[in-house]
Amino acid sequence: MNARYYEKRDDQKIQCLLCPNECIIAPGKKGICGVRRNSGGTMEIPFYGRLSGLALDPVEKKPLYHYYPGKMILSAGFWGCSFRCPFCQNYHISQQTREESDYMSPEQLVDLAVKRNSFGIAYTYSEPLIHIEYLLDTAKKARQRGIKNVLVSNGYINPEPAEEFLEYLDAANIDLKSFNPDFYKKEIGGNLDEVKRFLTRAVRKIALEVTTLVIPTKNDSLAEIGEIARFLASLDPDIPYHLSCYYPTYHYTIPATSVSSISRLAEEAKKRLNYVYQGNVGLKETNTFCPSCGNLLIRRVGYTISMCGIKEGHCSKCSKKVPIPGVE
Ligand code: SF4
């Protein structure tokens, strides 16, 4: 398996062009993500197929609410991340790497999805996009077998690899961590514009959902969530938007987000978006209602899902079109 998306330089250093960090890597060193390495002037990818986790999860756990609701999906986890979020809820796999973890070839992963009757494979848990070679190899094989490809990611990838992967991708939930460029730059080491660019590209090609982890005092103002909602609505007001409660972990000790704060922000987002959900709020119902007539379309209590008000892709009461893949 050959590494892609990098350039050799005259001084034995290499420049990775996979994500907007565009790391210049000296011989023997790794890029910011910790998984792409300069070995004698060539890019090495020692984490190809090295999974940090593997589980059959409800697709709602990703979270994806408008894609094969109620179905289980084989979920493969990875190591490393292109960001350095001090509040990372998965820091034990995103901010460290373990080369000796179990190897699974693309063929084996696709075979397992078929054997487990999973409708798809979710690339998730840590940051999958920094493993683009494995993702492409697996996604191509999955598509040949009728298995859907689902991404859960920070959306931090350069345009060329993004276009290539989107050809094989079916759905994604992308984090939009803030609408403040300074937050992206100073807190997590990223660039907001690049994430917005990926979302703009992705919405044209796949079933897209977006999540914001709401952190008190950092990104929880009505104005900021309103700005995010305005941006998403400019792409498509039907994009499902998840506002998720944060819990103190890793370097952050800020107290957890209150449920009342999430509810208030959800009301703000609903002024512009048709489908807004609250996540990490315990067993609270997270139902889908028809944006036209208010009819209950999908009832969710935890991971128990019932399709109440959708018939042949339309609201059973007012006939509004509700195109949710995987719903009869
Ligand atoms: S994928 Fe990793 S090595 Fe490549 S530019 Fe991004 S952080 Fe750097």
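List of remarks:
- Members of segment 96-112 found to be touching a Gly at 6+ places or on another chain (Cβ under 7 Å) and part of a helix (DSSP H, G or I), listed by number: none
- Strands (runs of 3 or more DSSP E) completely within segment 231-328 that count 1 or more residues being assigned by TED's automatic domain parsing to the domain that holds T217: 241-245, 276-279
- Scope segment 283-328; condition closer than 14 Å to P240 by Cβ, touching a Pro at 6+ places or on another chain (Cβ under 8 Å) and among the aliphatic types (A, V, I, L, M); matching residues: I298, I324, V327
- Single match in P255, P237 (criterion: closer than 19 Å to H66 by Cβ and surrounded by fewer than 16 Cβ atoms within 10 Å (Cβ to Cβ)): P237
- Within segment 5-54, being out of contact with any Cys (no Cβ under 8 Å at 6 or more places or on another chain), of a type in the set (K, R) and within 11 Å of the ligand (Cβ to nearest atom) holds for K29, K30, R37.
- Test for C19: is it under 16 Å from the mean Cα position of the chain (by Cα), surrounded by 14 or more Cβ atoms within 10 Å (Cβ to Cβ) and under 25 Å from F183 (Cα atoms): yes
- Criterion: within 16 Å of the chain's Cα centre (by Cα), surrounded by fewer than 21 Cβ atoms within 10 Å (Cβ to Cβ) and among the charged types (D, E, K, R) - qualifying residue of R230, R201: R201
- Yes/no for G40 being closer than 21 Å to G120 by Cβ, surrounded by fewer than 20 Cβ atoms within 10 Å (Cβ to Cβ) and in contact with a Gly (Cβ under 9 Å, 6 or more places away or on another chain): no
- D182 being over 26 Å from D220 (Cβ atoms) and either touching a residue at least 40 places away in the same chain (Cβ under 8 Å) or more than 13 Å from the chain's Cα centre (by Cα) (or both): no
- Among the residues of segment 105-153, those identified as modelled with pLDDT of 95 or more and among the polar types (S, T, N, Q) are S105, Q108, N117, S118, T124, T138, Q144, N149, S153.
- Positions within segment 124-140 being part of a helix (DSSP H, G or I), crowded, with 21+ Cβ neighbours inside 10 Å and in contact with a helix residue (DSSP H, G or I) (Cβ under 9 Å, 6 or more places away or on another chain), in sequence order: P128, L129, I132, Y134, L135, T138, A139
- Residue within segment 52-72 that is at pLDDT 95 or above, more than 25 Å from T124 (Cβ to Cβ) and not aliphatic (A, V, I, L, M) present: no
The values are calculated or read from the model by the stated rules, or taken from the named source; none is laboratory data. Every value quoted in this text rests on a predicted model; they were computed, and no experiment measured them. As a convention, Cβ positions derive from the backbone with ideal geometry for all residues, glycine included, and neighbour counts pool all protein chains shown.
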